[in-house]
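Data first, discussion second: the structure below is written as structure tokens.
The values are calculated or read from the model by the stated rules, or taken from the named source; none is laboratory data. Quantities reported herein were computed from a predicted structural model and do not represent experimental measurements. Virtual Cβ from ideal backbone geometry, glycine too; neighbours counted across all protein chains shown.
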Amino acid sequence: MTERQAAILAAIIEQYAEVASPVGSITLAKLFNVSSATIRSEMARLEEMGFITHPHTSAGRIPTDKGYRFYVNALNESEIQSPLLPDRSTRAIEARVSTHKNHADRAIRSAVDSLVDLTQNLGLATIGDELYMSGMGHLFSHPEFMAGNHVQAVARLLDNLEPWLREAAPNEPLNVFIGSENPIGKASGATLIVSRFRSPYSDKSYIGVLGPTRQSYGRVMRLVRQTGAMLEEAL
């Protein structure tokens, strides 16, 4: 993939996250200051490579799971090289967590509730042998999850998430499972972003969010990663 194709893919992903509708060549042509024909040619190549697709009802393009994976891998590389500097959002989470630092379960629940407020996704965390979840209403308010088949697949994923986390024990500080990469509910169109951290309950506790594959990955991944690190330090 060329640098320009990677930049166009990133622009499609970021624009789609914002507007929840397929992204057309005219929008991208203005962004990149090139002709629509040039953009259409690059989009055709990205589609041939499997990074984007177009719904049959629209001339615009949306990312595929493969496209999201390429984008997330690039984000991960840049995130690993940058220090975990707190921003206003993470400071807000830290303020809420610090009021419960002597009660690990309350601190973790507070962190989850904060992630729900900030990401508008479903928040989750392991607390001992239980999975705490919050924000179900936010999850199913996303347009992707209005259709019944997606709802069923997401419900199946949630039903099996706790035993899967316990069994698989994802090893990275930040783990991202996009769409069909999810072990259960492969057709859910959902992304699971979880951070592993040490807590009084386990060396492999998890906190994260579940939302549509259409998300602001950079922001959400940073929030989840920083929240996990913050909890580990506080507890």
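Any chance segment 37-56 includes a residue that's free of Cβ contacts under 8 Å to residues at least 24 places away in the same chain, more than 18 Å from the chain's Cα centre (by Cα), more than 18 Å from ALA17 (Cβ to Cβ) and assigned by TED's automatic domain parsing to the domain that holds SER188? No; the residues of segment 37-56 include none that is free of Cβ contacts under 8 Å to residues at least 24 places away in the same chain, more than 18 Å from the chain's Cα centre (by Cα), more than 18 Å from ALA17 (Cβ to Cβ) and assigned by TED's automatic domain parsing to the domain that holds SER188.
Return the total of residues in segment 177-209 being of a type in the set (D, E, K, R), assigned to a loop (DSSP other than H, G, I, E, B) and out of contact with any Gly (no Cβ under 8 Å at 6 or more places or on another chain).
Count: 3.
Within segment 119-149, the residues that satisfy the criterion of being in a helix (DSSP H, G or I) and touching a Pro at 6+ places or on another chain (Cβ under 9 Å) are LEU139, PRO143, GLU144, PHE145. Candidates LEU124, LEU165, LEU158: the one that is farther than 18 Å from SER199 by Cα and either touching a Cys at 6+ places or on another chain (Cβ under 7 Å) or surrounded by 14 or more Cβ atoms within 10 Å (Cβ to Cβ) (or both) is LEU158.
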